[in-house]
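I have placed the structure first, in the form of structure tokens, so that the comments after it can refer back to it.
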Amino acid sequence: MSGSIRLHIPTPLFAGAEITASPAQAHYLGSVMRRAVGGSVLIFNGEHGEWRATIAALKRDRLVLHLAEQTRPQAPDADIWLLFAPLKRDATDLVVEKATELGVSALLPVLTERTNTARINPERLEAIAAEAAEQCERLTVPRIAAPRKLWDVLGDWPSDRHLVAAIERDGAARHAAPQPGPSALLVGPEGGFTPVELDALRRHALVVPASLGPRILRAETAAIAGLALLLAPAGG
Ligand code: SAM
């Protein structure tokens, strides 16, 4: 990877601030990336843009940074959520990483009738999202919501947000396309949605059934392909 090292540090950022990073970030910068006192890195917190910082102190588990100047102001993100049924651990990790790179603003695990696992590790997923945001030059890290049942999510769905539901083998569904205003993509579990769920989705006023092409994609592929279609035209 070329370019400056970027770190997400959720603390207020302003000129002259002295910031203590986490022990994991100290380890990464010192032991993995071999940086030393006097070197520089970029910092963001999701609110105050991106800042250049100088390494003021660096030990095995202690990193102190001195903020110099802002390199980018905060800019608004695309407002797109991804609703996904938790998958096996590696597949869920992949979805979180790629959805962050593609620009989702929030990741909402939803428990459908055929969801195989209700277990997710929020801290792990937050760490994966933060790392992906650091790597892809985002200024924010997407929010990771607590898992909820699909029925509950549909029950209090916000009235201003379209929900693009990826549904395979639906002759009536249009190809997935960007929606005006806030939106979300819903991808089902490996076993797909049940007939009852499909019926409820098709009846919901804000749901837009969408095809991702003639082939049956794995859930993680469907999430990545669907987000690319919804986000790419807007520049995400
Ligand atoms: N087990 C299901 C079957 O064979 O009919 C396939 C489910 S697929 C592995 C998992 C999820 O990916 C689906 O619930 C859907 O949301 C999405 N998906 C996969 N292929 C799709 C396509 N061609 N169009 C729209 N959505 C798709």
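The values are calculated or read from the model by the stated rules, or taken from the named source; none is laboratory data. Since the model is a prediction, treat every value here as computed from it, not as a measurement. Cβ coordinates were reconstructed from backbone atoms using ideal geometry, including for glycine residues, and neighbour counts include every protein chain displayed. Ligands, DNA and RNA are excluded from the accessible area calculation, which covers all protein heavy atoms including side chains. Shrake-Rupley method; radii C 1.70, N 1.55, O 1.52, S 1.80 Å.
Brief remarks on what is shown
- The range 32-77: GluC sites (Glu not before Pro) falling in loop per DSSP and having at most 15 other Cβ within 10 Å: 47
- Computed over the chain: relative contact order in percent, which uses C-alpha pairs under 8 Å that are six or more apart: 19
- Neighbourhood charge, 14 Å Cβ-Cβ cut-off, centred on residue 28 and excluding it, Lys, Arg +1 and Asp, Glu -1: +3
- Of all DSSP bridge pairs formed entirely within the chain, close to 40 percent run antiparallel.
- Contour excess over end-to-end distance, with Cα ends at residue 59 and residue 159 and 0.36 nm allotted per residue: 30.9 nm
- If the segment from residue 22 to residue 124 were pulled out straight at 0.36 nm per residue, it would be longer than the present Cα-Cα gap by 35.2 nm.
- Within the accessible area of the chain (1.4 Å probe), percent carbon and sulfur: 52
- Segment residue 93-residue 52, extension gain: residue separation times 0.36 nm, minus the distance between their alpha carbons: 11.8 nm
- Residue 71/residue 36 FRET efficiency (R0 22 Å; Cβ-Cβ; nearest 0.05): 0.55
- As a size descriptor, the averaged projected area of the C-alpha convex hull of the chain was calculated at 13.4 nm².
- The mean accessible area for residues of the range 119-170, using a 1.4 Å probe and ignoring ligands and nucleic acids, is 55 Å² per residue.
- Nearest-0.05 FRET efficiency for residue 136 and residue 200, computed from C-beta distance (R0 45 Å): 0.80
- In sequence order, calculated HN-Hα J values of the range 205-210 (Karplus, 6.51, -1.76, 1.60; Hz; x Gly/Pro): 4, 9, 8, 10, x, 9
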